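Visitor: This is the structure, below, for whatever I ask next.
Derivation of every value follows stated rules applied to the coordinates shown; laboratory data play no part. A quick note: this is a predicted structure, and the numbers were derived from the prediction, not measured. No Cβ is skipped: glycine too gets one built from the backbone with ideal geometry, and neighbour counts run over all protein chains shown.
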Ligand code: DSN
């Protein structure tokens, strides 16, 4: 059996030499990035560490091939090997998630959502319209009919979770294209519990009658009942679209099953592939059979040419996610989030919804007298990488915010368990309780400046260094 660590180490050492022969500063920045990632506590809930096999798959000549279209139906010649890659990635995705159809071309989560929006519009609005006019495609319509169809396509409704309740920008947030291309309304969470109130979602859906009901989140620390969401969608004639970008690893790893697994319940499911799923950066759409023909038009309808090297890496990552080891990993991600939350609660910190049952924790930092921005910066000084995040009805808005979002996917990949996450909570509370908000030049309270008490950064860095040394990142890669 080959020594995979030795091969990986040698592959990267040689690759960096080749890069340095052309642009040494890029080779240097690449080395520095590995050192930074190795030396910090990465708690950004949307990040992870892909395996060397996934990373290496992205660095090949598949990058050089154009392949617009779909498997066996390309706008370019010579796509036989891309067809192999795309078919394999789609097959793995279908089997991993038990989906009827998988589309692996989206370059990102936002692209995946755009493909889903357009495929729903094509299926629900454009298709019936063309049928009414006996037309095969829009080129067969008169100019006046085309104008009317465009009006109809641009006049549809979308109901999604609001950004400050934990939804994503692309779920109808007004400044995002999704909030401009649809008439949108948003559902929030219960002001007391911070949880989704399904009766309130139902009431809003009955009143608003959306074409698309979007479920899923990027900063909601709880599970969602997708069976109930589907009931609501069916009741009002909506298409249920679930964006599982954040928790697709927990779906793949069978932590979320039954009503918590979106795939059997939603008409269409979108995801990224690099968050809890631990693959390359990219997007994915899973759909029920009836939507497959319109999803298949994603490129060139919405997307540029597929990134064949990334589709290849998706195939490798999906193969990894089908193993028992990945299931154990996914369960550990959820268990570790519990340990992190309990560590905070034991120290009197406030968590949105009072805890978690997925991979993320949303810490409300107002009790420390800080904004999210101050907390994020102070933590970074101490080598703890997080991102500030709004809390529901956030008084500090989306820029300064009142929260910090923390996820367990990346450090679980490094091998952190419950005891380590309990210690991480202790270190974060140590930093925040030793940080003071600053003042503006005019002497008023600042939302950005802060000061950390002497000795805190050194103390916390030393403690986190011990944790990181016990669980090295990419131990097989030695670039010395
Ligand atoms: N940037 C991703 C996140 O952090 O959740 C979503 O777009």
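Visitor: Mind counting the residues in region 271-289 that are within 10 Å of the chain's Cα centre (by Cα), closer than 13 Å to residue 103 by Cβ and part of a loop (DSSP other than H, G, I, E, B)?
Guide: So the answer is 2.
Visitor: Which residue is farthest from the ligand (Cβ to nearest atom), if the candidates are limited to region 41-54 and must be surrounded by 18 or more Cβ atoms within 10 Å (Cβ to Cβ) and more than 15 Å from the chain's Cα centre (by Cα)?
Guide: Filtering region 41-54 for residues that are surrounded by 18 or more Cβ atoms within 10 Å (Cβ to Cβ) and more than 15 Å from the chain's Cα centre (by Cα), the one farthest from the ligand (Cβ to nearest atom) comes out as 52.
Visitor: Next question. Among (1) surrounded by fewer than 16 Cβ atoms within 10 Å (Cβ to Cβ); (2) free of Cβ contacts under 8 Å to residues at least 24 places away in the same chain; (3) farther than 21 Å from residue 273 by Cβ, there is one condition residue 323 misses while meeting the rest; what is its number?
Guide: Checking residue 323 against (1) surrounded by fewer than 16 Cβ atoms within 10 Å (Cβ to Cβ); (2) free of Cβ contacts under 8 Å to residues at least 24 places away in the same chain; (3) farther than 21 Å from residue 273 by Cβ, the one that fails is (3).
Visitor: While we're on this one: When you go through (1) more than 16 Å from the ligand (Cβ to nearest atom); (2) on the phi < 0 side of the Ramachandran plot one by one for residue 397, which number turns out not to apply?
Guide: The one condition residue 397 does not meet is (2).
Visitor: Oh, and also: Of the conditions (1) within 16 Å of the ligand (Cβ to nearest atom); (2) outside any loop (DSSP other than H, G, I, E, B), residue 27 fails just one. Which one is it?
Guide: (1)
Visitor: Take residue 188 and decide whether it is under 24 Å from the mean Cα position of the chain (by Cα), more than 16 Å from the ligand (Cβ to nearest atom) and at positive phi.
Guide: no
Visitor: Quick check, is residue 315 closer than 29 Å to residue 417 by Cα and either in contact with a strand residue (DSSP E or B) (Cβ under 9 Å, 6 or more places away or on another chain) or in a helix (DSSP H, G or I) (or both)?
Guide: yes
Visitor: Looking for whichever is part of a helix (DSSP H, G or I) and surrounded by fewer than 19 Cβ atoms within 10 Å (Cβ to Cβ) here; the options are 340, 380. Which one fits?
Guide: The match here is 380.
Visitor: Is there a residue in region 367-383 that is more than 18 Å from residue 164 (Cα to Cα) and free of Cβ contacts under 8 Å to residues at least 24 places away in the same chain?
Guide: Yes - at least one qualifying residue is present in region 367-383.
Visitor: Condition (residue is part of a strand (DSSP E or B), surrounded by 16 or more Cβ atoms within 10 Å (Cβ to Cβ) and either on the phi > 0 side of the Ramachandran plot or within 16 Å of the ligand (Cβ to nearest atom) (or both)) applied to region 406-413: is it met by at least one residue?
Guide: Checking region 406-413: at least one residue is part of a strand (DSSP E or B), surrounded by 16 or more Cβ atoms within 10 Å (Cβ to Cβ) and either on the phi > 0 side of the Ramachandran plot or within 16 Å of the ligand (Cβ to nearest atom) (or both).
Visitor: Which residues, taken from region 251-284, are on the phi > 0 side of the Ramachandran plot and more than 16 Å from the ligand (Cβ to nearest atom)?
Guide: If the condition is that a residue be on the phi > 0 side of the Ramachandran plot and more than 16 Å from the ligand (Cβ to nearest atom), then 254, 258 are the ones that fit.
Visitor: Could you tell me which residue of region 217-250 is surrounded by the most Cβ atoms within 10 Å (Cβ to Cβ), considering only residues that are part of a helix (DSSP H, G or I) and within 16 Å of the ligand (Cβ to nearest atom)?
Guide: My answer is 248.
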